[in-house]
1. Between 0 and 90 degrees, rounded to the nearest ten: what's the tilt of helix 14-27 against the longest Cα principal axis of the chain?
2. Pairwise over distinct Cα atoms, reciprocal of the mean inverse distance: report the Kirkwood radius of the stretch 1-148 in Å, one decimal place.
3. Given the Cα-Cα distance of Asp90 and Ser15 and 0.36 nm per residue of separation, how much length would full extension add, in nm?
4. Considering the chain as a Gaussian network with a 10 Å cut-off on Cα pairs, which listed residue, Leu51, Leu40, Leu24, attains the greatest mean-square fluctuation?
5. What distance in nm separates the simple spin-label points at Arg71 and Ser145, each placed 7 Å from Cα in the Cβ direction?
6. Enter the angle in degrees (range 0 to 90, nearest 10) between the Cα long axis of helix 44-54 and the first principal axis of the Cα atoms of the chain, meaning the one along which they spread out most.
7. Give me a comma-separated list of calculated 3J(HN,Hα) values for the stretch 28-34, in order, Karplus coefficients 6.51, -1.76, 1.60 applied at θ = phi - 60°, integers in Hz, x for any Gly or Pro.
8. Given a cut-off of under 8 Å on Cα pairs at least six residues apart, what relative contact order in percent is computed for the stretch 7-148?
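Just so you know, all these numbers are worked out from the coordinates, no wet-lab data involved. Everything quoted here is computed from the prediction, not taken from an experiment. When we count neighbours, we look across all protein chains shown, and the Cβ atoms used for this are built from the backbone with ideal geometry, even at glycine.
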Amino acid sequence: MKPAPCHVVELPIASATDGLGRALARVLPSSFVVHLRGDLGAGKSSLARALLRALGVTGSIKSPTYSLVERYPLADGREAVHLDLYRIRDPGELDYLGLDDLGDREVLWLVEWPERGGAALPPPDLEIALEPSGKGRRATLHPLSAQGLSIWPDLSKIGPASGSV
């Protein structure tokens, strides 16, 4: 079996993370699940905030560190759900967040610390791993579903050389 592709984007300055969020906003389909991985302070919330802003969220974009979930209506009628699961101990705790009512609606899921949610979460279409790189950070984009692979041509072009970040 052929391994899934991955694409590495260097983010040498903070504004490059915002650029990555804008670039992702242009290519993500209506319903999509993004898992954000990385250590504390790696930039997961910063990337999620930039992506949400690029999708038209105009009000306050709070980190869901304590609330665990923040929901945002998007300009195109969709909804975005941003979860930060760092503080949960058991995937069963997700039962109390009201996520079941999302059903088959068009939802963009942004999930930080997805390993803590286990099978209680929808499977990812795209995983983005963030890690320190020099004075900035590096993002590795890894499509993990047929839907993720369908946007691979666009994902693989994201980067400073293309002007997309």
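1. The answer is roughly 70 degrees.
2. Working: mean 1/r = 0.0644 Å⁻¹.
Kirkwood radius, the stretch 1-148: 15.5 Å.
3. On the way: separation 75, 0.36 × 75 = 27.00 nm, distance 3.48 nm.
Fully extending the segment from Asp90 to Ser15 adds 23.5 nm.
4. Looking only at Leu51, Leu40, Leu24, the largest GNM fluctuation is found for Leu40.
5. Between Arg71 and Ser145, the label points sit 1.9 nm apart.
6. 80
7. 6, x, 4, 10, 7, 10, 10
8. Numbers: 265 pairs, mean separation 50.3, N = 142.
RCO, the stretch 7-148: 35 percent.
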